[in-house]
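Undergrad: Sharing a structure, written as structure tokens. Questions coming.
The values are calculated or read from the model by the stated rules, or taken from the named source; none is laboratory data. Small disclaimer: the values here were computed from a predicted structure and weren't measured. Counting neighbours? That spans all protein chains shown, and the Cβs are built from the backbone with ideal geometry, glycine included.
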Amino acid sequence: MQTSVIGFPRIGTLRELKFASEKYFRNEISAQQLLDTAENLRKIHWTTQQSAGIDYIPCNDFSFYDIFLDTAALFNIIPKRYKELQLPELDTYFAMARGYQGKSGDVKALAMKKWFNTNYHYIVAEVEDDTDIQLVGEKPWNEYNEAKALGILTKPVIIGPYTLMKHCRYTGEKKLADFVDAVVSAYQDFVKKCEELEIAWVQFDEPALVQDMTADDIALFHRLYDELLPAAKTSKILLQTYFGDVRNIYPDLIKMDFAGIGLDFIEGKQTLSLIETCGFPKKKLLFAGLVNGKNIWKNHYEKTLKVLKALQEKENSVVLSTSCSLLHVPYTLKHEDKLSQTFISYFAFAEEKLEELHELSILADVADYSSHAAYQNNQKLFAQPRDCYNDAVKDRLAHVTEADYVRLPKRSERQALQKKEFGLPEFPTTTIGSFPQTKDVKANRSAFRKGEITRQEYEAFNKQKIADCVKWQEEIGLDVLVHGEYERNDMVEYFGEALGGFLFTEKAWVQSYGTRCVKPPIIWGDVFREKPITVDWSVYAQSLTKKIMKGMLTGPVTILNWSFPREDISIKESISQIALAIRDEVLDLEANGIKMIQIDEAALREKLPLRKSDWYSEYLDFAIPAFRLTHSGVKPETQIHTHMCYSEFTDIIPAIDDMDADVITFEASRSDLQILDSLREHHFETEVGPGVYDIHSPRVPSVEEIVKALNLMLTKIDREKLWVNPDCGLKTRGVPETDASLRNMVEAAKQIRK
Ligand code: GLN
Ligand code: ZN
């Protein structure tokens, strides 16, 4: 059986691409040096896959920032304001991704959104009325030729036309439909170029097919591919889907002229039954996504082989594949020196998944695989009991009652009480929690981790940082302060480390956006709080100021969504366990005099099922109550904040209000403010702080710009409900731009109050 990889991590084993890119952004290395690093990485990625015996190795899955943006740029979908900067190609690209402020001009970055149900972010390309969509780039073929020179024949990967069109923003009068012809001909040119180079297979990624599709969507898909497919005469087209099943369009797909179709058997609940009921054409290759591209647990060979055998029995030509790009898992287990072998034996990261693909493909070809060592070892692992249960946790969860999910009195009463309690000015200013994680902060943490300094020294340093930060915020004139989160490497890992049931890796980085990577903890067992986590820091910070200090926690849904979850119990059960642990922390903060507590649910939307029909029956029905469980025990005067890293919750506004927080801050500066109209329409009760500037970019917003944003917000939000804050935490920003931006923000709030 042959094997295929949909995409491979591009950031490098040890984040080499991140470090090189950041050096380039700081002008410490030349463009050529960055390009060389990238070339070297690609070489490693391809040869690694080749030596693992992978048959369909991707190219053009590499990206300096994001493959969606790469595809847009390939087809000249570049807004005028970036072209007008007249920068070299690479810098125009980075200007779209990160914004640009310099000699050539001042433009914000394009919007960034979560990629389907992952924590990866793509750049939302913008199509303007006069955007001339056509093939202009060379990247896929440069990479193809690069691999070919190494003796490796790869399959170029791009975002397919349907997903591209559905995920672009159309900023002018023209709509999607006005660009269909241009898109078709651009992709035809793409295919032609592949044929000129005698490329055997091309992969079109169409994850948008796993979302609910209307009749119009299906018609659009036909319109795009019915014209495109005949252009492919010698190159074969693999239609690659992932993140779910394609139930709306499956019967159509199998009749269309694709040489291969890639289906997700991990998240695609109906994939197998679709094949069983509608069949799969013998002439096509079925790329069966059976090796999980999103989670880090070893594949259970027995289960996978059963599916493969069933497919083979029906005489399907099967290629064994990952379920999605391996971009979403860490690169390798090789550098995990601290985890015991017992733990390690349960995991497979990207590199190890290559081995799994290889072993499974061999086992799939033999009649009696049960005598093979690879199979037997895997069976042994899954048969032995895993040390991961805690009876006290189970017991506590069993005793949670309906009342534990309800906070009293109702919010409108609390809001009145809290207004009195805090006496804040109109449009209170605050931040989302973290302050710049400067070199010294990271050095202090790393010295402590390596045992180079004592706990006392480590804490003393952080306390000094907190004191400086409190002074800094007072001087800037912010109303509600934060301690700065200097003790946190990451908002989830930090809590994971303090909770029982989690495991940590050292180098298991996963790309979140651009050069930003996260290191998700692994939920190994039942979760519980061993001891207070943040209380000392918050209490210390509050002792330094008369202003209100917000306590800062991460919510259960986000902790789960940004960890690698267990596969042996339900997500609901895991989230509830975490909610009880966070509840303990909330109550301890309150008992120690902290009057505002922010419980971040940065990632709440992330695991929203991709099909709307599943939203309330398979996710929100337990995620929202879990959040309420964390704070339902506090006094009426204690103000609960929450924060979300996105503003696309127009469609779940009632659910967000139902979290029953008192205040919510969210990202808004990189999006249009449509959300605010919807909030009004739904009589949204929670007070709101739509971010007034973008923290993902070093650009400093002017006072006028923020005043303008606030004035616009005021046309849509009651003045007594509006808070003023940045989009998100400031940890990735430098000190100078943070200082300048916050001062402008506070000044803007003052002007508005007048
Ligand atoms: N409180 C966190 C911070 O400020 C929130 C981060 C986030 O939303 N991603 O960093
Ligand atoms: Zn955020």
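Undergrad: Given the conditions (1) more than 16 Å from ligand 1 (Cβ to nearest atom); (2) touching a Pro at 6+ places or on another chain (Cβ under 9 Å), which single one is not true for Phe627?
TA: Just one mismatch for Phe627, condition (1).
Undergrad: Every residue in the range 454-508 that is in contact with a Pro (Cβ under 6 Å, 6 or more places away or on another chain), closer than 13 Å to Ser563 by Cα and part of a loop (DSSP other than H, G, I, E, B), please.
TA: Listed by number, the residues that qualify are Phe504, Ala508.
Undergrad: Looking at Ala38, Ala72, Ala111, Ala52 in this structure, which one is touching a helix residue (DSSP H, G or I) at 6+ places or on another chain (Cβ under 6 Å) and crowded, with 18+ Cβ neighbours inside 10 Å? Don't jump to the end; show me each part of the working.
TA: On the way: Ala38 fails: touching a helix residue (DSSP H, G or I) at 6+ places or on another chain (Cβ under 6 Å); Ala72 fails: touching a helix residue (DSSP H, G or I) at 6+ places or on another chain (Cβ under 6 Å); Ala111 fails: touching a helix residue (DSSP H, G or I) at 6+ places or on another chain (Cβ under 6 Å).
Being touching a helix residue (DSSP H, G or I) at 6+ places or on another chain (Cβ under 6 Å) and crowded, with 18+ Cβ neighbours inside 10 Å holds for just one of Ala38, Ala72, Ala111, Ala52, which is Ala52.
Undergrad: Same structure again: Of all residues in the range 632-649, count the ones that are within 19 Å of Ala416 (Cβ to Cβ) and either within 16 Å of ligand 1 (Cβ to nearest atom) or of a type in the set (Phe, Trp, Tyr) (or both).
TA: Selection size over the range 632-649: 3.
Undergrad: Looking only at the range 295-333, which residues are of a type in the set (Ser, Thr, Tyr), over 28 Å from Arg516 (Cβ atoms) and crowded, with 18+ Cβ neighbours inside 10 Å? Talk me through it step by step, then tell me what you get.
TA: Taking the range 295-333 and keeping what is of a type in the set (Ser, Thr, Tyr), we get 301, 304, 317, 321-323, 325, 331-332.
Imposing the further condition that a residue be over 28 Å from Arg516 (Cβ atoms) reduces the set to 301, 304, 317.
Of everything in the range 295-333, those that are of a type in the set (Ser, Thr, Tyr), over 28 Å from Arg516 (Cβ atoms) and crowded, with 18+ Cβ neighbours inside 10 Å turn out to be Tyr301, Thr304.
Undergrad: Report yes if some residue within the range 593-600 is modelled with pLDDT under 95, within 16 Å of ligand 2 (Cβ to nearest atom) and not β-branched (Val, Ile, Thr); otherwise report no. I'd like the intermediate steps shown before the answer.
TA: Looking only at the range 593-600, we keep the residues that are modelled with pLDDT under 95, and these are none.
No, because not a single residue in the range 593-600 is modelled with pLDDT under 95, within 16 Å of ligand 2 (Cβ to nearest atom) and not β-branched (Val, Ile, Thr).
Undergrad: Collect the residues in the range 719-735 that are within 28 Å of the chain's Cα centre (by Cα) and either outside any loop (DSSP other than H, G, I, E, B) or closer than 20 Å to Pro428 by Cβ (or both), keeping them in residue-number order.
TA: Matches in the range 719-735: Leu722, Trp723, Val724, Asn725, Pro726, Asp727, Cys728, Gly729, Leu730, Val735.
Undergrad: Related question: Going by the structure shown, is Arg407 assigned to a loop (DSSP other than H, G, I, E, B) and either among the basic types (Lys, Arg) or assigned by TED's automatic domain parsing to the domain that holds Lys309 (or both)?
TA: For Arg407, the condition - assigned to a loop (DSSP other than H, G, I, E, B) and either among the basic types (Lys, Arg) or assigned by TED's automatic domain parsing to the domain that holds Lys309 (or both) - is met.
Undergrad: Of (1) within 16 Å of ligand 1 (Cβ to nearest atom); (2) of a type in the set (Val, Ile, Thr); (3) buried (at least 16 other Cβ atoms within 10 Å of the Cβ), Val700 satisfies all except one. Which?
TA: Answer for Val700: the failing condition is (1).
Undergrad: Further question on the same structure: Would you confirm whether any residue within the range 662-669 is farther than 17 Å from Gly433 by Cβ, among the hydrophobic types (A, V, I, L, M, F, W, C) and at pLDDT 95 or above?
TA: No, that holds for no residue.
Undergrad: Something else now. Please determine, by comparing only the residues of the range 693-731 that are out of contact with any Ser or Thr (no Cβ under 6 Å at 6 or more places or on another chain), within 16 Å of ligand 2 (Cβ to nearest atom) and at pLDDT below 95, which one is farthest from Ala661 (Cα to Cα).
TA: Taking the candidates together, the pick is Ser697.
Undergrad: Pick out the one residue from Gly555, Gly593 that is buried (at least 24 other Cβ atoms within 10 Å of the Cβ) and either in contact (Cβ under 8 Å) with a residue 12 or more places away in the chain or in contact with a strand residue (DSSP E or B) (Cβ under 9 Å, 6 or more places away or on another chain) (or both).
TA: Within the list Gly555, Gly593, the selection yields Gly555.
Undergrad: If you scan the range 226-246, which residues turn out to be closer than 22 Å to Leu320 by Cα and surrounded by fewer than 19 Cβ atoms within 10 Å (Cβ to Cβ)?
TA: So the first thing to find is which residues in the range 226-246 are closer than 22 Å to Leu320 by Cα, and the list is 235-246.
Answer for the range 226-246, where residues must be closer than 22 Å to Leu320 by Cα and surrounded by fewer than 19 Cβ atoms within 10 Å (Cβ to Cβ): just Lys236.
Undergrad: Kindly provide the set of residues from the range 490-500 that are over 16 Å from Gln598 (Cβ atoms) and away from ligand 1 (no atom under 11 Å from the Cβ), ordered by number.
TA: The answer is Glu493, Gly496, Glu497, Ala498, Leu499, Gly500.
Undergrad: Being assigned by TED's automatic domain parsing to the domain that holds Lys463, of a type in the set (Gly, Ala, Ser) and on the phi > 0 side of the Ramachandran plot is true for just one of Gly555, Gly551, Gly514, Gly525. Which residue is that?
TA: Criteria check complete, one pass: Gly514.
Undergrad: In the set Gln33, Gln49, which member is more than 27 Å from Gln240 (Cα to Cα), in a helix (DSSP H, G or I) and over 20 Å from the mean Cα position of the chain (by Cα)?
TA: Gln33
Undergrad: How many residues, within the range 1-30, are more than 15 Å from Glu143 (Cβ to Cβ) and assigned to a loop (DSSP other than H, G, I, E, B)?
TA: So the count comes out to 13.
Undergrad: Please name all residue pairs, on different chains or six or more residues apart, with Cβ atoms under 6 Å, provided the first residue is in the range 92-120 and is farther than 30 Å from Pro330 by Cβ and the second residue is modelled with pLDDT of 95 or more and of a type in the set (Val, Ile, Thr).
TA: Qualifying pairs under 6 Å: Tyr100/Val107.
Undergrad: Name every residue in the range 664-691 that is away from ligand 2 (no atom under 14 Å from the Cβ) and buried (at least 19 other Cβ atoms within 10 Å of the Cβ), in order of residue number.
TA: Across the range 664-691, the qualifying residues are Ile675, Leu676, Leu679, Phe684, Thr686, Glu687, Val688.
Undergrad: Got at least one residue in the range 415-430 being within 16 Å of ligand 2 (Cβ to nearest atom), within 32 Å of the chain's Cα centre (by Cα) and modelled with pLDDT of 95 or more?
TA: yes
Undergrad: What residue, among those in the range 658-696 that are under 23 Å from the mean Cα position of the chain (by Cα) and either part of a helix (DSSP H, G or I) or without any contact (Cβ under 8 Å) to a residue 24 or more places away in the chain (or both), is nearest to ligand 1 (Cβ to nearest atom)?
TA: Ile675
Undergrad: Now, a different point. Has the range 444-455 got at least one residue that is crowded, with 18+ Cβ neighbours inside 10 Å and within 16 Å of ligand 1 (Cβ to nearest atom)?
TA: The answer is yes; a qualifying residue exists.
Undergrad: Out of the range 587-621, which residues are of a type in the set (Gly, Ala, Ser) and within 15 Å of ligand 1 (Cβ to nearest atom)? Reasoning before the result, please.
TA: First, pick out the residues of the range 587-621 that are of a type in the set (Gly, Ala, Ser): 591, 593, 602-603, 613, 617.
Matches in the range 587-621: Ala602, Ala603.
Undergrad: Answer with yes or no whether Glu637 is in contact with a helix residue (DSSP H, G or I) (Cβ under 9 Å, 6 or more places away or on another chain), among the charged types (D, E, K, R), part of a loop (DSSP other than H, G, I, E, B) and within 16 Å of ligand 2 (Cβ to nearest atom). Write out each step before concluding.
TA: On the way: in contact with a helix residue (DSSP H, G or I) (Cβ under 9 Å, 6 or more places away or on another chain): yes; among the charged types (D, E, K, R): yes; part of a loop (DSSP other than H, G, I, E, B): yes; within 16 Å of ligand 2 (Cβ to nearest atom): no.
Considered against the rule, which asks whether it is in contact with a helix residue (DSSP H, G or I) (Cβ under 9 Å, 6 or more places away or on another chain), among the charged types (D, E, K, R), part of a loop (DSSP other than H, G, I, E, B) and within 16 Å of ligand 2 (Cβ to nearest atom), Glu637 comes out as no.
Undergrad: Within the range 539-562, count every residue that is modelled with pLDDT of 95 or more, under 28 Å from the mean Cα position of the chain (by Cα) and of a type outside the set (Val, Ile, Thr).
TA: Quick first cut of the range 539-562, residues modelled with pLDDT of 95 or more only: 539-560.
From the residues that got through so far, the ones that are under 28 Å from the mean Cα position of the chain (by Cα) too are 550-560.
Next, only the ones that are of a type outside the set (Val, Ile, Thr) stay: 550-553, 555-556, 560.
Final tally of qualifying residues: 7.
Undergrad: Listed residues Glu573, Glu585; which is in contact with a strand residue (DSSP E or B) (Cβ under 8 Å, 6 or more places away or on another chain), in the same structural domain as Arg488 (by TED's automatic domain parsing) and either over 29 Å from Asp727 (Cβ atoms) or in a helix (DSSP H, G or I) (or both)?
TA: Exactly one residue qualifies, and that residue is Glu585.
Undergrad: Which numbered condition trips up Ile656, out of (1) within 16 Å of ligand 2 (Cβ to nearest atom); (2) closer than 26 Å to Cys469 by Cβ; (3) not polar (S, T, N, Q)?
TA: With respect to (1) within 16 Å of ligand 2 (Cβ to nearest atom); (2) closer than 26 Å to Cys469 by Cβ; (3) not polar (S, T, N, Q), Ile656 is out only on (2).
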